[in-house]
Amino acid sequence: MSDYQNFGSKDTRSGFGEALLELGRQYPDVVALCADLTGSLKMDAFAKAFPARFIQVGIAEANMMGIAAGLTIGGKIPFTGTFANFSTARVYDQIRQSIAYSNKNVKICASHAGITLGEDGATHQSLEDIGMMKMLPNMTVINPCDFNQTHAATLAIAKHVGPVYLRFGRPKWPNFTPADQEFIIGKALLLKEGNDVSIFATGHLVWNSLQAAKQLNEQGIHAEVIDIHTIKPLDAERILSSVRKTGCVVSAEEHMRNGGLGDSIAQLIVRECPVPMEMVAINDHFGESGKPEELLKKYKLDIPDIVAAAVNVIERKKKK
C-alpha cells in the first residue's frame, strides 16, 4: 500500500467531541455525562446543543458510572467522559459490578490516556487502563490512532450493544487515516504490506510504526504494519495471517507492557504460532512530568525504538 501522509496534526479527543455532537443529532437516546472536564473532553458542543441530555456530575466519577448504568435501563445510550485514569482505576468496582457484570450499554470514553498526557505527570498518566478493561467480561476495548479514526470509532460504538471502553489522547497528533473510513469493531487494518517482520501497533504508536517501517525499508527490511484499533475482541485471523508470513513480531503501544496489546498478541501466538517477539511498551514504570515527545524518547516508545525492536527480532528469527 502507498505511504500514509500526515494531513495535519489534530488531537484525538477532538475527534471524539465532534462525533459525539453528530450522534446527538442522529440518536435522541444518546446522552452524555462528564466529571467536571467538559472542555478537556471536548464535550462542550454537545452540552450546549443538548442541555437536557447532558449531565455534569462534578468530581464524582463513581457516581457517574452508576448513573450511566441506570440510564441504560430506560433505553438511553450514555457516553461517560473523563481522563483515562479516572475512567478506570478510580471507578473499577462500579464498572465491574454495575456495567460489565450487568452487560449495560455504557460507552466509557477516556481521554488523556498514555504517557503523552505529558506535563500532568504520573498521577494522571494512565498506563494500565487497557489491561484493566480488557480483563472484564463483556467489555469491548478500542484505542484509535488519530483524529479521523477516533471520530469514526465514536460513531461506531453508538451502534454496538454492550459496554465499550474508548481510549484516546490529549496531544495534537498526525492525522493520516481517511476521513470517510468505515470503522469495524474487531477488524484490524493492514496499513503496509511486508514479508520480514509484523509490526502490530495501536493508538499514537501506529504513526510511529509507519515511520519506522520507512526507515526499515531503507535498510532493505520490509515490515508489515497493522493497526490494531480494537484490542478486545482481538482480530486473531488478521494477526495470525501476518505472523505466519513474516515469522516474527513487534508490538508497539503507549501502555504498560504487562496487560497491554503485546500481552494479548503474545498469548495468541504462543498458542497458535510461536515466533520471536519484541514489545515496544513501558516496562513496569510509572510515568513523569515532561513534554510528550521527550517522554516517548525516555520511555523508549519512539520511532528509533520500533526500528531497533524490528532489527532485533529479525536477528532472533535467523537464529531459530
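The values are calculated or read from the model by the stated rules, or taken from the named source; none is laboratory data. These numbers were taken from a predicted model, which means no experiment stands behind them. Neighbour counts are summed over all protein chains in view; Cβ atoms, including those assigned to glycine, are modelled from backbone coordinates with ideal geometry.
Quick grid of which residues meet (1) surrounded by 24 or more Cβ atoms within 10 Å (Cβ to Cβ); (2) among the charged types (D, E, K, R); (3) touching a Gly at 6+ places or on another chain (Cβ under 9 Å); (4) in the same structural domain as Pro28 (by TED's automatic domain parsing):
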{"residue": "Thr80", "(1), (2), (3), (4)": "yes, no, no, yes"}
{"residue": "Ala84", "(1), (2), (3), (4)": "yes, no, yes, yes"}
{"residue": "Tyr92", "(1), (2), (3), (4)": "no, no, no, yes"}
{"residue": "Arg96", "(1), (2), (3), (4)": "no, yes, no, yes"}
{"residue": "Ala113", "(1), (2), (3), (4)": "yes, no, yes, yes"}
Q) Does the range 210-232 hold any residues that are under 13 Å from the mean Cα position of the chain (by Cα) and not in a strand (DSSP E or B), and which are they? A) Ile228, His229
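Table: residues versus (1) buried (at least 21 other Cβ atoms within 10 Å of the Cβ); (2) charged (D, E, K, R); (3) closer than 23 Å to Ile77 by Cα.
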| position | (1), (2), (3) |
| --- | --- |
| Ser126 | yes, no, no |
| Leu155 | no, no, yes |
| His160 | no, no, yes |
| Tyr165 | yes, no, yes |
| Arg170 | yes, yes, no |
| Asn195 | no, no, no |
| Phe200 | yes, no, no |
| Trp207 | yes, no, no |
| Ala212 | yes, no, no |
Q.
Condition (residue is under 30 Å from Ala52 (Cβ atoms) and part of a strand (DSSP E or B)) applied to the range 122-145: is it met by at least one residue?
A. yes
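Would you be able to say whether some residue in the range 186-196 is acidic (Asp, Glu) and not assigned by TED's automatic domain parsing to the domain that holds Met43?
Kept after step one, since they are acidic (Asp, Glu), are these residues of the range 186-196: 193, 196.
Filter once more, keeping what is not assigned by TED's automatic domain parsing to the domain that holds Met43: 193, 196.
Yes; the residues of the range 186-196 include at least one that is acidic (Asp, Glu) and not assigned by TED's automatic domain parsing to the domain that holds Met43.
So which of Ser40, Ser9 is among the polar types (S, T, N, Q), under 30 Å from Lys192 (Cα atoms) and within 21 Å of the chain's Cα centre (by Cα)? If you could, list the steps in order and put the result at the bottom.
Details: Ser40 fails: under 30 Å from Lys192 (Cα atoms).
After applying the criteria, what remains is Ser9.
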Q | All positions within the range 1-23 that are part of a loop (DSSP other than H, G, I, E, B) and touching a His at 6+ places or on another chain (Cβ under 9 Å) | A | none
(Q) Cβ-Cβ distance below 6 Å, separation of 6 or more or different chains: which pairs start in the range 115-137 with a residue that is under 17 Å from Ile99 (Cβ atoms) and end on one that is among the aromatic types (Phe, Trp, Tyr)? (A) Met133/Tyr165
Q) How many residues, within the range 4-31, are over 16 Å from Ala153 (Cβ atoms) and crowded, with 18+ Cβ neighbours inside 10 Å? A) 3
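Filter the helices (runs of 4 or more DSSP H) completely within the range 26-113 down to those with at least 1 residues that are closer than 26 Å to Trp173 by Cβ and β-branched (Val, Ile, Thr).
Values: elements: 44-49, 61-73, 84-88.
By residue number, 84-88.
Within the bounds of the range 156-167, is there any residue that is small (Gly, Ala, Ser), in a helix (DSSP H, G or I) and touching a Leu at 6+ places or on another chain (Cβ under 6 Å)? Give the derivation first.
Pass one, the range 156-167, residues small (Gly, Ala, Ser): 156, 158, 162.
Among the residues that remain, those that are also in a helix (DSSP H, G or I) are: 156, 158.
Next cut, touching a Leu at 6+ places or on another chain (Cβ under 6 Å) only: 158.
Checked against the condition, which is being small (Gly, Ala, Ser), in a helix (DSSP H, G or I) and touching a Leu at 6+ places or on another chain (Cβ under 6 Å), the range 156-167 yields at least one hit.
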Q) Inside the range 184-208, can you point out the residues that are in a loop (DSSP other than H, G, I, E, B) and either touching a Leu at 6+ places or on another chain (Cβ under 9 Å) or over 16 Å from Ala310 (Cβ atoms) (or both)? A) Ile184, Ile185, Gly186, Lys187, Ala188, Gly194, Asp196, Thr202, Gly203, His204
